[in-house]
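First up is the structure itself, then whatever we jot down about it.
The values are calculated or read from the model by the stated rules, or taken from the named source; none is laboratory data. Quantities reported herein were computed from a predicted structural model and do not represent experimental measurements. Please note: Cβ atoms are built from the backbone with ideal geometry, for glycine as well, and neighbour counts cover all protein chains shown.
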Ligand SMILES: N[C@@H](CCC(=O)N[C@@H](CS)C(=O)NCC(=O)O)C(=O)O
């Protein structure tokens, strides 16, 4: 069985879990506790020298970088497809995904926030302001693109979940965690609401993981 090294509230682990669930793939979850910096220990760095989750391990491969993992999943398990069958659709879904994966998520990642806190002595309310600023900025552009797409159904693109939804839903979770006002983004909120009714998304949610702390 495949092994997914991740953490319950890591957005990159969350997006990988959604894709694996949509493709109905079984995997063993191995928790790397980011709150305790387990990702920086030598045992984990021997698996991923970058010290970041997720890592997906099969009997032949050790894969890191969630965009690469998602593309590998799509190529290896094409059903159901998470990319449209036309080139224009694929470039759109990849662009929506990259807006989140390249331009929103990385600057609000734990190591960035820890650097702000511990090296630059930024206080917690300023850290929240930082996260809110960059998530809002990215969501404003995403909202515009979603709104202008008149062929869109319940998801980011068309009527089926795509990689863009795998990226969006964890970013909405993170936005709520950082208390971003989501009222200017009704299309994003509606997509999130719809996805939250689907088992693949529910089972991938941070609150439903084996390493979710008990309240
Ligand atoms: N580009 C990488 C980013 C991975 C990443 O940033 N993972 C976060 C969790 S969402 C992490 O491991 N953070 C640990 C840290 O910041 O120390 C990917 O998409 O896999």
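Things to note:
- Tabulated pairs, segment 104-128, first under 26 Å from residue 143 (Cα atoms), second at pLDDT 95 or above and near the ligand (Cβ under 9 Å from one of its atoms), C-beta under 6 angstrom, 6+ apart or interchain: 105/11; 110/34; 127/113
- Hey, residue 75 away from the ligand (no atom under 11 Å from the Cβ), surrounded by 13 or more Cβ atoms within 10 Å (Cβ to Cβ) and in a helix (DSSP H, G or I) or not: no
- Check on residue 185, touching a residue at least 60 places away in the same chain (Cβ under 8 Å), more than 16 Å from the ligand (Cβ to nearest atom) and within 19 Å of the chain's Cα centre (by Cα): no
- Some residue of segment 25-46 being at negative phi and either in the same structural domain as residue 106 (by TED's automatic domain parsing) or within 12 Å of the chain's Cα centre (by Cα) (or both): no
- Restricted to segment 36-47, and to residues there that are farther than 25 Å from residue 102 by Cβ and within 12 Å of the ligand (Cβ to nearest atom), the residue that is surrounded by the fewest Cβ atoms within 10 Å (Cβ to Cβ) is 36.
- So residue 28, is it away from the ligand (no atom under 12 Å from the Cβ) and either free of Cβ contacts under 8 Å to residues at least 40 places away in the same chain or not in a loop (DSSP other than H, G, I, E, B) (or both): yes
- Enumeration of residues in segment 150-176 that are in contact (Cβ under 8 Å) with a residue 24 or more places away in the chain and exposed (fewer than 15 other Cβ atoms within 10 Å of the Cβ): 160
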